[in-house]
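Please read the structure below before turning to the comments.
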Amino acid sequence: MMKRGTMNIVRIGAIAGLAGALLFSTMWIAAVLADGHWVLGEETLSELGGDRPGRLFFNAGVILEGVLGLLFAIGLWRALPRTLVASSGFIVLLLAGISLVGVGVFPITTGAYHTVASYAFFGLSLVAILLLLVPIWKSETFGPIPGAVTGAAVVISLLFLSFTSVPLAEAVAVICLLIWSLILAIKMLLPRGT
């Protein structure tokens, strides 16, 4: 059974995970609407953060999601058993969150800074989810269904990367990450065994 302090950290992380996913989704939509010309699958998400009408929505959404993602990662780590693999996944997930903040701080117009932050975010996110797959699956808090969602997020993202355009694969990977964090956050708020 989790101690009260741990339960509070898990709860805060879960709320941050929910808020981050919903907030970023809303800001992404707002950026698309403000832009009026961005096309899903033809342009990367980062194009929305460049010298375009919706850039403030997009870049602010990315930064906020990165910060809230750090809190989510801490809550997730506290919800998992203390293993080397889970702790390693947590550290890599934190680095992915920091990289995501970098994507918003250094929009696509900054060139190499943005490219490094963007590749770091996607690469670190993939590694983190792979490391967290088994701990999530075996956890009393999460179990097989969230474990399967974790695996599906990886498989779907890699299939799209292998067989479609980079802009479409990127959008699908982001959607998979948003769904993954929403499902885990909801499970973190529910009593164990439900």
Please grab the % of Cα pairs in the chain that end up more than 30 Å from each other.
-> 18
Under 11 Å by backbone N from the virtual spin label 7 Å along Cα-to-Cβ at residue 8, the residues of the range 62-97 are none
Per residue, how much accessible area does the range 1-80 show when a 1.4 Å probe rolls over the protein heavy atoms, in square angstrom?
-> 50
Cα axis of helix 112-138 to longest principal axis of the chain: angle in degrees, 0 to 90, nearest 10?
-> 20
For the chain, what does -39500 (n - 2.57) per DSSP helix run (n ≥ 4), summed and divided by total residues, give at 222 nm, in deg cm²/dmol to the nearest 500?
-> -27500 deg cm²/dmol
Packing-based ranking, highest mean first, of 137-149, 157-169, 60-72, 43-55 given that Cβ atoms within 10 Å are counted = 60-72, 43-55, 137-149, 157-169
For the range 155-194 the translational diffusion coefficient, Stokes-Einstein from a Kirkwood Rh over Cα pairs at 25 °C and viscosity 0.890 mPa s, in µm²/s, is roughly 218
Spin-label proximity, residue 51 to the range 102-118 - amide N less than 15 Å from point 7 Å beyond Cα toward beta carbon = 107-111
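The values are calculated or read from the model by the stated rules, or taken from the named source; none is laboratory data. Computed from a prediction, not measured in an experiment: that's the story for all the values here. Methodologically, a virtual Cβ is constructed for each residue, glycine included, from the backbone with ideal geometry; neighbour enumeration extends over all protein chains shown. These area figures cover heavy atoms from the full protein model, side chains too; ligands, DNA and RNA do not enter into them. Shrake-Rupley method; radii C 1.70, N 1.55, O 1.52, S 1.80 Å.
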